[in-house]
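Taken together, the values in this text are just the output of simple stated rules run on the coordinates, not laboratory data. No experiment lies behind these values; they were computed from the predicted model shown. With ideal geometry, Cβ positions are generated from the backbone for all residues, glycine too; neighbour counts draw on all protein chains shown.
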Amino acid sequence: MTPRPENVRIGAAPQQGRDTVITGWNVYAPPGTDIRTTDRLRIRGGLWEVTGETADWGRNPFTGMHGPVEVTADRISG
């Protein structure tokens, strides 16, 4: 896992009087792991929503080894 810095979205501040903050992780799972966009992941004691499609790195053409499965997991507040 690698953390992603928070992303502050300011677009609707005048209407709602608040900013939306999105924090997240890039998660690298073993080959063949089945993670779907409807799943939640428990990371460091918190629940995080899977966002976007799973990226399968496929096989390395030089070594034949299969790479990880990558997903992003976000928590939205504000």
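Here are a few things to note about the model shown:
- Net charge of neighbours whose Cβ lies under 12 Å from the Cβ of Pro30, counting Lys and Arg as +1 and Asp and Glu as -1: -3
- You can think of it this way: the chain between Arg75 and Thr33 has 13.0 nm of extra reach, that is 0.36 nm per residue less the Cα-Cα gap.
- Amide H to amide H distances under 5 Å link Ile35 with no residue, where only residues 5 or more positions off or on other chains count and H is placed in the peptide plane.
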